Amino acid sequence: MSKMKDRLHTGELYLPGDDEIMAGQLKRLDRLCDFNLTRPAEQEKRSAMLKEMFAEIGEECYIEPPFYSNFGGGHVHFGRNVYANFNLTLVDDTHIYVGDYTMFGPNVTIATAGHPILPELREQGYQYNMPVHIGRNCWLGAGVIVLPGITIGDNVVIGAGSVVTKDLPSNVVAVGNPCRVLREVNEHDKEFYFKNRKIDYDNLT
């Protein structure tokens, strides 16, 4: 029988309170606590800590504390120029992949962990994990929730408060609970950035 630790990334049922899992997890959570106690002026220190904490993280990434993560970012893979506002929660019991230039509004939750529907198994504490993939140059609005096993394409905008229960293709605006594709990113978006506000290309640096 495989060790519980070996089942973190296989999708199999396992017991997250296993001693070996907990020992490594608590070390990572202590480091996450250190990150959240840094001061706003300590930008270089924060960047250095994230490179140590994450499985992978590219250049010019920024996470606004407080930041919450089950494994302190240990199973998180960020590209470059990823931005996260306050209260990003990454339930990274297995891998979370995020592409370059993706942005998270405040209070976004990305979950990889689930529990069986069968009450007897839940009572025993069993869990399973499914990875999440988020593409390049996405924007997840405030309060978005992404469920385990979801894949989101590139250039996707997800409206505030949406709950993503199914995969989303690239180049769409999606909203709602459950989250559904509202429309494709289109020519209108090249002219207007918010309602009737036009993009003034001459004044963009």
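The values are calculated or read from the model by the stated rules, or taken from the named source; none is laboratory data. Since the structure is predicted, the reported quantities are computational estimates derived from the model, not experimental observations. With ideal geometry, Cβ positions are generated from the backbone for all residues, glycine too; neighbour counts draw on all protein chains shown.
Tabulated results
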| item | result |
| --- | --- |
| Any hit, the stretch 177-197, residues being surrounded by 15 or more Cβ atoms within 10 Å (Cβ to Cβ) and within 20 Å of residue 78 (Cβ to Cβ) | no |
| Of all residues making up the stretch 114-156, the number that are among the β-branched types (Val, Ile, Thr) and either surrounded by fewer than 18 Cβ atoms within 10 Å (Cβ to Cβ) or over 20 Å from residue 104 (Cα atoms) (or both) | 2 |
| Count of the stretch 1-15 residues which are within 20 Å of the chain's Cα centre (by Cα) and touching a residue at least 12 places away in the same chain (Cβ under 8 Å) | 3 |
| Condition met for residue 47 (farther than 29 Å from residue 186 by Cβ, at pLDDT 95 or above and under 11 Å from the mean Cα position of the chain (by Cα)) | no |
| Where residue 97 falls short, out of the listed (1) under 26 Å from residue 52 (Cβ atoms); (2) crowded, with 19+ Cβ neighbours inside 10 Å | (2) |
| Residue 107 at pLDDT 95 or above and closer than 23 Å to residue 161 by Cα | yes |
| Positions within the stretch 114-134 being part of a loop (DSSP other than H, G, I, E, B) and farther than 18 Å from residue 73 by Cα, in sequence order | 115, 116, 117, 118, 124, 125, 126 |
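Per-residue answers, yes or no, for (1) at pLDDT below 95; (2) closer than 16 Å to residue 109 by Cβ; (3) acidic (Asp, Glu):
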site: 6; (1), (2), (3): yes, no, yes
site: 13; (1), (2), (3): no, no, no
site: 31; (1), (2), (3): no, no, no
site: 42; (1), (2), (3): no, no, yes
site: 67; (1), (2), (3): no, yes, no
site: 81; (1), (2), (3): no, no, no
site: 88; (1), (2), (3): no, yes, no
site: 96; (1), (2), (3): no, yes, no
